[in-house]
Amino acid sequence: VILLLFTGVQCGKNAEVENHLELGKKLLAAGQLADALSHFHAAVDEDPKNYMAYYRRATVYLAMGKSKSALPDLSSVVELKPDFTSARLQRGNLLLKQGKLDEAEEDFKNVLKSSPSAKEETDARTQLIKCDEMQRLLVQTHREFNNEDYRTAAAQLDTLLETCVWDVALRELRAECYIQLGELGKAISDLKAATKLKNDNTAAFYKISTIYYKLGDHEMSLNEIRECLKLDPDHKQCFSHYKQVKKLNKQIMSAEELIGEEKYTDAISKYELVMKTEPNVPYYTMQAKERVCHCLSKNQQALEAIKTCTEVLKSDPHNVNVLKDRAEAYLLDEQYHEAVRDYETAQEHNESDPQVKEGLERAQRLLKQSQKRDYYKILGVKRNAQKKEIIKAYRKQAQQWHPDNFQDEEEKKKAEQKFIDIASAKEVLTDPEMRRKFDEGQDPLDPENQQGGDNGGHHFHRGWNSWQGFNPFGSGSFNFKFQHN
């Protein structure tokens, strides 16, 4: 009775397994892989000794691109049924792709010993030849790498990886070749593939982070080192690098925020900290100096800006941003020829930048203007002088050149013209709209610049008589007549 009951249980169990296998097979044929997989899971759970359940499940994993999951199932099939040549051939192919050449070779040899079909025999022989080729090429590659012939080693690794596409060690070796050759983008690509092929690849994440760091991409460097710490929060190398990158990243972001808020002096201090934090990677020093150059130019510290920008341009002569900043500093310092030259150089390397086009036109106007009347020079003030300074300079000049101070007719005529120029300069530079036009390279008192209307052009034609009775030290007229002797 007990035997009959047991046999009944076995028959029921077998029927259930067969049912799962049949349903799974139909779903697989219909392309419903997830549903097929669930039936094959159930079949394996019901009967862990059923090699066909493992084989079917491996087939679904392969169809889903999950070769790592397929490999243990194929090994289970080979253990349960050593003469199942199809499973052994498939396992050999997966091992070959993983670069496990000795294990793959053993599988292909066993296929040939197990009465394979004609196709299986052909496939196994082909793959055995491939294994042999790969083993010989691998020995050559390591020899070239050790001899520091990284170009040849990288080319040989290209060939190896066409076959051993999932070999993590080969990817990492090629990445090292690329690092030595200075092809860092290619190195990153291989190392990223290595992190996907090996789940706990902290070393690859660390190396990717250090490459990004050396390239100056501190944000990407921070992202990658965080991935390393997700895998191992106690990883000493990754944690040490993380602290350095985080500190530098914070300083740079803070400096850029200050520039956005136009707090240029504070931004300069922050970028000086950046240079102290990372003195050994040239990119960060040059980036910091480039931004300091920008801040000094924006802060109207012309001479300091010119000095810092020039230092950057020695290493990077075609840096359009630095050329623009130095050009603006030259304009502040009234070195118009130099400003035009910088803007022209910038335009050669970036024709489409509207700031360069506008800056060059303004620099050319100011150069042309400087060869005519320069109201700043007339009063002896800088282009960034405040209104108070302008009025003070005007009063001093007006007192010095007032025609009443001169007796000789020739000297008096010269003084009259000088006094007119001084008064015109004061008029233009204390009127915000007129000063804006002048700063853009137009003389608002020059009739050539007037657009049809009067628009202030009549001021240019004022003679000395117009200014008689004008008190340069007050806000209106004062009561004396110009005395002719």
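The values are calculated or read from the model by the stated rules, or taken from the named source; none is laboratory data. Just so we're clear, the structure is a prediction, and the values are computed from it rather than from any experiment. Note that we place each Cβ from the backbone using ideal geometry, even for glycine, and neighbour counts take in every protein chain shown. Ligands, DNA and RNA are excluded from the accessible area calculation, which covers all protein heavy atoms including side chains. Shrake-Rupley method; radii C 1.70, N 1.55, O 1.52, S 1.80 Å.
Exposed loop sites are taken as GluC sites (Glu not before Pro) in a DSSP loop (any state but H, G, I, E or B) with at most 12 other beta carbon atoms within 10 Å; the longest stretch of the chain without one runs 1-147. Counting only lysines at least 8 places from Lys81 when in the same chain, those with an alpha carbon closer than 18 Å to its own are Lys49, Lys109, Lys113.
Kindly provide the helix-only [θ] at 222 nm of the chain, computed as the sum of -39,500 (n - 2.57) over DSSP H runs of four or more divided by all residues, to the nearest 500 deg cm²/dmol?
Values: 24 runs with 361 residues, N = 485.
That calculation yields -24500 deg cm²/dmol at 222 nm.
Relative to the dominant Cα principal axis of the chain, helix 2-29 is inclined by about 40°. Rounded to the nearest Å, what's the spacing between the alpha carbon centres of the stretch 276-327 and the stretch 38-79? Just the number, please. Cα centres, the stretch 276-327 to the stretch 38-79: 62 Å. What FRET efficiency would be calculated for the residue pair Glu162, Ser114, taking the C-beta separation as r and a Förster radius of 30 Å, to the nearest 0.05? Calculated transfer efficiency: 0.60.
Can you bin the stretch 127-231 into rounded, prolate or oblate? Criterion: square roots of the alpha carbon gyration tensor eigenvalues sorted a ≥ b ≥ c, rounded for a/c under 1.5, prolate for a/b above b/c, oblate for the rest. Don't jump to the answer; show the numbers that get you there.
Working: a/c = 3.03, a/b = 1.68, b/c = 1.80.
Because a/c hits 1.5 or more and a/b fails to exceed b/c, the stretch 127-231 counts as oblate.
Full extension of the chain segment joining Lys97 with Gln364 gains 89.6 nm, where the gain is 0.36 nm per residue of separation less the Cα-Cα distance.
Separation of the stretch 235-267 from the stretch 115-192 is 40 Å, based on Cα centroids.
Take the alpha carbon gyration tensor of the stretch 1-146, find the square roots of its eigenvalues, order them as a ≥ b ≥ c, and report rounded if a/c is under 1.5; if not, report prolate when a/b exceeds b/c, else oblate. Please list the in-between numbers first.
On the way: a/c = 2.79, a/b = 2.12, b/c = 1.32.
Prolate, since a/c reaches 1.5 and a/b exceeds b/c.
Starting from the Cα of Lys314, step 7 Å toward the Cβ, then list every residue of the stretch 253-297 with an amide N under 20 Å from that point. Taking a point 7 Å out along Cα→Cβ of Lys314, the residues of the stretch 253-297 whose backbone N falls under 20 Å are 272, 275-276, 279-297. Angle of helix 264-277 to the longest C-alpha principal axis of the chain, folded into 0 to 90 degrees and rounded to 10: 40°. Here Asp149 and Val281 are evaluated by their C-beta separation; at R0 = 30 Å the FRET efficiency comes out at 0.60. Checking the Cα-Cα distances for Lys214/Lys270; Lys247/Lys289; Lys186/Lys230; Lys377/Lys426 against a 22 Å cut-off, the pairs over it are Lys186/Lys230. Each label point was placed 7 Å from the Cα along the Cα-to-Cβ direction; for Asp200 and Glu351 their separation is 5.8 nm. Between Glu389 and Arg436, the FRET efficiency estimated from the beta carbon spacing at R0 = 22 angstrom works out to 0.80.
Per residue, the chain exposes an accessible area of 55 Å² to a 1.4 Å probe, with every protein chain left in place.
Residues of the stretch 103-121 with backbone nitrogen within less than 11 Å of a virtual label 7 Å along the Cα-to-Cβ line of Asp83, please, listed as ranges. Within reach of a label on Asp83, which here means backbone N under 11 Å from a point 7 Å along Cα→Cβ, the stretch 103-121 contributes 114-116. Global dimensions of the chain from alpha-carbon coordinates: Rg and Dmax equal 40.9, 151 Å. Spacing of the modelled spin labels on Glu256 and Ala15, each 7 Å from Cα toward Cβ, amounts to 6.9 nm.
Across the chain, the relative contact order, built from alpha-carbon pairs under 8 Å that are at least six residues apart, equals 5 percent.
What full-extension length gain, to one decimal in nm, is calculated for Lys49 and Gln135 as 0.36 nm per residue of separation minus the Cα-Cα distance? Walk me through the intermediate numbers first.
Values: separation 86, 0.36 × 86 = 30.96 nm, distance 3.57 nm.
Extra length from Lys49 to Gln135 when fully extended: 27.4 nm.
If each residue of separation counts as 0.36 nm, what is the full-extension length gain between Ala63 and Lys414 once their alpha-carbon separation is subtracted? Show your work: numbers first, answer last.
On the way: separation 351, 0.36 × 351 = 126.36 nm, distance 9.72 nm.
116.6 nm is the gain from fully extending Ala63 to Lys414.
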